[in-house]
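The values are calculated or read from the model by the stated rules, or taken from the named source; none is laboratory data. Since the structure is predicted, the reported quantities are computational estimates derived from the model, not experimental observations. Every residue, glycine among them, receives a Cβ derived from its backbone with ideal geometry; neighbour counts consider all protein chains shown. Heads up: the accessible areas ignore ligands, DNA and RNA and are worked out on the full protein's heavy atoms, side chains in. Shrake-Rupley method; radii C 1.70, N 1.55, O 1.52, S 1.80 Å.
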Amino acid sequence: MRVIIVAVTFITFFVALGYAIPRHASCNLDWDVGVDCKTAGQKIVDQIKNWNNTECGTGEKCRYALISYDEQTLKGKHVTPVKHYVDDISMMFKASGSGCAIHGFSTSETWYAILDQSTNYCNLHNLITGSGLDQSPSFKETTSDAICTQYSSADCEKY
Ligand SMILES: *[C@@H]1O[C@H](CO)[C@@H](O)[C@H](O)[C@H]1NC(C)=O
C-alpha cells in the first residue's frame, strides 16, 4: 500500500511538472542553416521588425515584436491576430561548421492552452521562411509532435 502511495505521488509530481500529454502548447525545434550565425540572426531580427505591424492579411505574418538580441540569444513575442493570444519566442544561435545551429522555442502565455492549431510552430517556421533562411545551403528543420504541438498538421499560411 505504502509503495502504491509513493508511486502515485511520484506520478502526480511528474505530471504536474509537465512530463505527460497533453502538455502546455509550445514548440521546440532545431534549424541548421548554411550561413554564419551573425548573418542568420540579423535576417531573423529584420524579419521580426518587418512583421511588427497589425496588418495581418489572411495569415499570422504580423504582430511580431523583438524584445532583445545579442547575437547569441533572441527573445521576441508574437500576438495572434484574432484572439490576441501572446506567445513568447526565443532562439539560441550556435556556430556549427561554416553554418549555424539554431534552437527555437515558442510557448503560449495562456496557461490553459493545450492545442494551439500549430501557432507556436508557425511563429517560428514563418520567420525562417520569411527571412529566406530555409533556402540557405543544407537547410534542415528538426522537430516532432512530441516536442512541438500539432507540428504535423500545421498550416502556416493560415496560422
Ligand atoms: C512592435 O514592437 C514593439 C516593441 O518592439 C511592441 O511593443 C509592439 O507591440 C509591436 N507592435 C506590434 C503590432 O506587434
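Worth pointing out:
- Counted residues, segment 94-112 - those being surrounded by fewer than 13 Cβ atoms within 10 Å (Cβ to Cβ) and either within 12 Å of the ligand (Cβ to nearest atom) or in a strand (DSSP E or B) (or both): 2
- Candidates in segment 52-93 are the residues that are within 9 Å of the ligand (Cβ to nearest atom) and of a type in the set (Gly, Ala, Ser); of these, the one that is least open to solvent (accessible area, probe 1.4 Å) is Gly76.
- Scan of segment 113-148 for residues that are aliphatic (A, V, I, L, M) and outside any loop (DSSP other than H, G, I, E, B), ordered by number: Leu124, Leu127, Ile128, Leu133
- For segment 31-43, the criterion of being near the ligand (Cβ under 10 Å from one of its atoms), open to solvent by 70 Å² or more (accessible area, probe 1.4 Å) and not β-branched (Val, Ile, Thr) is satisfied by no residue at all.
- Residue that is modelled with the lowest pLDDT [pool: residues in segment 113-159 that are buried (at least 17 other Cβ atoms within 10 Å of the Cβ) and among the aliphatic types (A, V, I, L, M)]: Ala113
- Whichever residue in segment 18-30 is open to solvent by less than 60 Å² (accessible area, probe 1.4 Å) and under 23 Å from Ala101 (Cα atoms) and, among such residues, is modelled with the lowest pLDDT: Ser26
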